[in-house]
Amino acid sequence: MTDKGILIKGLKKRYGKGDTAVDALKGVDMQVSPGEVVGLIGPSGSGKSTLLKCLGAVIEPTEGRMTLGNKVIYDNGWKVNDLRALRRDKIGFIFQAPYLIPFLDVTDNVALLPMLAGKPNADSRKLAVELLQALDVAHRAKAMPSELSGGEQQRVAIARGLVNRPPVILADEPTAPLDSERALAVIRILNHMAHQYETAIIVVTHDEKIIPTFKRIYHIRDGVTYEEAGEGRVFE
Amino acid sequence: MISLAGRDIMHAWGKFVFTGVGLGLLIGVTLSMAGIYRGMVDDAKALLDNSGADLWVVQKDTLGPYAEPSSIYEDTWHGLRSIPGVAQAANVTYLTMQVRKDQRDVRAMITGVSAGGPGKPGWPPYLVAGRHITRSHYEAVADIATGFALGDRIQIRRNRYTVVGLTRRMVSSGGDPIIFIPLKDAQEAQFLKDNDVILQQRKRTGENPAFNRPGTPGLLDAIIASQSTNPYVNAVLVKVKDGYGDEAVAESIRRWKRLTAYTRSQMEEILVGKLIATSSKQIGMFLVILSIVSAAIVAFIIYTLTLGKIREIAVLKLIGTRNRTIAAMIMQQAIALGMIGFVVGKITATLLMAPIFPKYVLFEPLDSVRGFAAVVVICILSSLIAIRVALKVDPAEAIGG
């Protein structure tokens, strides 16, 4: 059984009850294949964050179905017992701000996830350093987050998202605080990592600079998604 | 797994140490309060130890001679010597007053000891300098805490005394240093009236026809002599012969002499349970208040530190950190803060506060262990509020939206 890629069918989320109920998601369909990076675009209040929280197993959808590879994780109810372990092992998160743990150095920020999963510290750090090398920030491995530039911090955050080799990565506005050059560099890295580790990456963004890089884009409006082919431009 | 608490502390060690020092000063005051209480108890025990007595014989139905006034006739000791089991009996008087030397005065307990020497009940058991009292009048042995030196001339009431010996840890139950003087001098000092009162008393007695009868020569002189001497002492200190039980001898004294006799354990109960009971309750209240304040401070600090990490905690929870890992991080930080505080507090109390404190401060190792355990428990309890806040953090906060 493979756990690569993610498939969402008819996902709904309702907040509140009765007259005050709000339908944030009204039946989202989405499919992201292993190695693919898709964009999720929509105005404020369209349901992006709600969808991200449902995908991230942070909040429970009202109904619908979510499948990781061949494994159903939600079908009108969670089908996994330990959502914390699901988030740790199967889903990577990259945030708008890097949100690195300020009291851990770069290596341990990345190595923390495998450590939490029970891997020995030395093995976890080895994994972290490999990823930091791949993301070209290994030279800052012993630095504290406050000593890094914005771009370096975001690359470390990407390394943290990837370190447990999750089949899905949810990136919430990962390029928002970066200039064009660094934003495109981050997208290049995500594409490279998606390809290398067969990861399905969903990038929530408003960033006009990076929208042309996606081959497929999901627009979300009033809780409903619409798929669109992207330009898939490659910026060197 | 790495220690998140340890890393956080090392990252912000300055803030932690500074906070720990502040907390430590408070813990230092708390430990000092406990030390003051122990010092009071030790002072009371030292008074009993140094008296060299097995029994204290005092006025009937009083808690004398320390907790209540007691007055018994000075020749009572003769009768006590005839009680089976009594090895030694010696009169003693106690009077707490200001003792003058030049321009300064010291609060001290004047103890009148009957003629004899070291080993007799009431006498200082050892000296650190000089010699014991050898004359019947105007010599004194002073505790070193009075600040007096050998050869100093001190004034007690109208008389001046020469300090011929110095001793150590001879204190009253209130912590006042003891000055030993001959019994007769102490009796005089205890009941001495001023000259005007003596003159008026003699005049009144002389004008009283009942005391100044023309046909009874010498009556007036005898009455005036009896008025101007003090034949009373506060207590008789008794040493019990080997082979006799203290309580059995005390019971004989109570039965046959119609006096009250206390054994060592009864006297200790009077001193600790009654004489310093109010002080110990006050100190106990201070300890409770300081413990509550310490707990509130630790709780507030840990709560504030946790609030400052809400986003990081949300991220940690989102990426799969167990609640118990986060709770352990907060609790370990609270305990670390308490440990820093305890070390600083112990050093402060022992090296800075105790030497300059006017009362004897005694730190018992077991109290330190208890204090440390209390600090750890307080820190654990104080961290619960912060842990509750941390565990309520929604991992969704890391995503925003």
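The values are calculated or read from the model by the stated rules, or taken from the named source; none is laboratory data. Values in this document were obtained by computation on a predicted structure and should not be read as measured data. Glycine gets a Cβ as well: all are built from the backbone with ideal geometry, and neighbour counts include every protein chain shown.
What to note about this one:
- B:THR325 away from every other protein chain (no Cβ under 14 Å) and surrounded by 14 or more Cβ atoms within 10 Å (Cβ to Cβ): no
- Residues in segment A:117-144 that are closer than 15 Å to B:ILE2 by Cβ and of a type in the set (D, E, K, R) were compared, and the one that is surrounded by the fewest Cβ atoms within 10 Å (Cβ to Cβ) is A:LYS142.
- Residue in segment B:112-135 that is part of a strand (DSSP E or B), modelled with pLDDT of 90 or more, out of contact with any Asp or Glu (no Cβ under 7 Å at 6 or more places or on another chain) and farther than 23 Å from B:VAL236 by Cβ present: yes
- Looking only at residues of segment A:22-40 that are buried (at least 16 other Cβ atoms within 10 Å of the Cβ) and among the β-branched types (Val, Ile, Thr), we find that the one that is nearest to the other protein chains (Cβ to nearest Cβ) is A:VAL28.
- Residue that is farthest from B:GLY20 (Cα to Cα) [pool: residues in segment B:385-401 that are free of Cβ contacts under 8 Å to residues at least 24 places away in the same chain and not charged (D, E, K, R)]: B:GLY401
- Residue check, B:PRO365 surrounded by fewer than 21 Cβ atoms within 10 Å (Cβ to Cβ) and either more than 14 Å from chain A (Cβ to nearest Cβ) or touching a residue at least 24 places away in the same chain (Cβ under 8 Å) (or both): yes
- A single member of B:ARG157, B:ARG169 is over 22 Å from B:LEU271 (Cβ atoms), charged (D, E, K, R) and under 27 Å from the mean Cα position of the chain (by Cα), and it is B:ARG157.
- Filter result for A:ASP136 (within 14 Å of another protein chain (Cβ to nearest Cβ) and of a type outside the set (S, T, N, Q)): no
- Those helices (runs of 4 or more DSSP H) of segment A:68-143 in which at least 2 residues are without any contact (Cβ under 8 Å) to a residue 40 or more places away in the chain and touching a strand residue (DSSP E or B) at 6+ places or on another chain (Cβ under 9 Å), considering only elements entirely within it, cover A:83-90.
- When residues of segment B:247-270 are limited to those that are within 21 Å of the chain's Cα centre (by Cα), touching a residue at least 40 places away in the same chain (Cβ under 8 Å) and not in a strand (DSSP E or B), the one nearest to B:ARG38 (Cα to Cα): B:GLU268
- Residue in segment B:4-20 that is within 14 Å of chain A (Cβ to nearest Cβ), touching a helix residue (DSSP H, G or I) at 6+ places or on another chain (Cβ under 7 Å), among the β-branched types (Val, Ile, Thr) and in contact (Cβ under 8 Å) with a residue 60 or more places away in the chain present: yes
- Members of segment A:1-58 that are outside any loop (DSSP other than H, G, I, E, B) and β-branched (Val, Ile, Thr): A:ILE6, A:ILE8, A:THR20, A:VAL22, A:VAL28, A:VAL32, A:VAL37, A:VAL38, A:ILE41, A:THR50
Residue-by-condition table, conditions (1) of a type in the set (A, V, I, L, M, F, W, C); (2) in contact with a Ser or Thr (Cβ under 6 Å, 6 or more places away or on another chain); (3) more than 9 Å from chain B (Cβ to nearest Cβ):
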position	(1), (2), (3)
A:GLY42	no, no, yes
A:ARG65	no, no, yes
A:LEU86	yes, no, no
A:PHE103	yes, no, no
A:ASP108	no, no, no
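- Strands (runs of 3 or more DSSP E) lying entirely in segment A:145-236 (those with 2 or more residues that are without any contact (Cβ under 8 Å) to a residue 60 or more places away in the chain and surrounded by fewer than 15 Cβ atoms within 10 Å (Cβ to Cβ)): A:224-229
- Per the listing B:THR162, B:THR229, the residue uniquely under 18 Å from B:VAL113 (Cα atoms), out of contact with any strand residue (DSSP E or B) (no Cβ under 7 Å at 6 or more places or on another chain), among the polar types (S, T, N, Q) and outside any helix (DSSP H, G or I) is B:THR229.
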